[in-house]
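Here the structure is laid out as structure tokens; the discussion comes afterwards.
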Amino acid sequence: CIQGNQVTLPKLGEVKLIQHRQVPDGFTIKRALVTKKADGWYVTLTLEDKSVPDLPAIEIQPTETNSIGVDAGLEYFIACSDGTRKQPPKFYRQAEDKLAKLQAKRDARAKGSKPRRKLNERIAKLHQRIARQRRQWHFETAGELVAKADVLFVEDLKVSNMARRNKPKQGEDGAFLPNGQSAKSGLNKSFADAGIAGFLNEILPYKAAKAGRLVVKVNPAGTSQHCAICLNRVPKELSDRWHECPHCGASMPRDLNSGVLIKKVGLGVRLTIKRESRNGRRSPRRTA
Ligand SMILES: [Zn+2]
């Protein structure tokens, strides 16, 4: 479907194209995904080459010494059982300030006016730049993590509805209709939530597979509510940032405690997360 600087797309015909990389010899194009971004339209091609073998399954037996636990959160993007913590870089906040200023400027302009439209374009481009910078940083962080250990235990973060893409909708004539996706992945959605899920579910496993490392998802239930040292229950509110154990005296930042616990759960430790409910019946409850 690619001829020179033209790509032929169904319903649209020939479209001029800037090609970032040549399609290598021997590959066939399986799929084309057309997306609109703030700075233009993109077509992403999925290629197949039958002579390339599937990645071999990685088999590593996790042990105390070859594994780490990784807690992901907002305050510290990651906190590892080996004590390392990493905060998101400052450019998030810098860009957010800039974004807030632009939005205030836009809101002062009349609806439907040209200056307002121009400001909206600048806002969309700034969002795009933030997203790209973040992605870049996620890849670097994933690289650092896979260099640390053979097995990485992470929280099994269920992909929320928010992060799932809406199904494409087509009208009778085959044209694509709005499916609510752009509203869903909208500008005002929290960056952070989507960021953590994308990091744990996509970027980290991708980096790990390339490096021959294993990412193992563990059930996070209880990993913020128990002591990583003595495993007793130490209830906390979300606002409690420090873990202080009255049973064994352990004292450490909350997310490091979770990182150590995620590793322990990964290595087979079970946490008791049942507790008495008000009417005396024992009921399981999520405590993470
Ligand atoms: Zn303790």
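The values are calculated or read from the model by the stated rules, or taken from the named source; none is laboratory data. Only a predicted model underlies this, so the values are computations on that prediction, with no experimental measurement involved. Neighbour counts run over all protein chains shown; Cβ positions are idealised from the backbone, glycine included.
Could you tell me whether any residue of the stretch 71-91 is in contact with a strand residue (DSSP E or B) (Cβ under 7 Å, 6 or more places away or on another chain) and acidic (D, E)? Yes, the stretch 71-91 contains at least one residue that is in contact with a strand residue (DSSP E or B) (Cβ under 7 Å, 6 or more places away or on another chain) and acidic (D, E). In the stretch 136-157, the qualifying residues are those that are modelled with pLDDT under 95 and loosely packed, with under 15 Cβ neighbours inside 10 Å, and the one that is nearest to V265 (Cα to Cα) is D156. For the stretch 109-118, the criterion of a residue being closer than 30 Å to T65 by Cα, basic (K, R) and more than 16 Å from the chain's Cα centre (by Cα) is satisfied by no position. Counting only residues that are at pLDDT below 85 and of a type in the set (A, V, I, L, M, F, W, C), the stretch 82-99 holds 2 of them.
Against the criterion of being part of a helix (DSSP H, G or I) and either touching a helix residue (DSSP H, G or I) at 6+ places or on another chain (Cβ under 7 Å) or of a type in the set (G, A, S) (or both), K105 qualifies.
Conditions (1) surrounded by fewer than 16 Cβ atoms within 10 Å (Cβ to Cβ); (2) β-branched (V, I, T); (3) modelled with pLDDT of 95 or more, marked per residue:
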position	(1), (2), (3)
K207	no, no, yes
G212	yes, no, no
V215	no, yes, yes
V218	no, yes, no
A221	no, no, no
S224	no, no, no
P235	yes, no, no
S239	yes, no, no
C245	no, no, yes
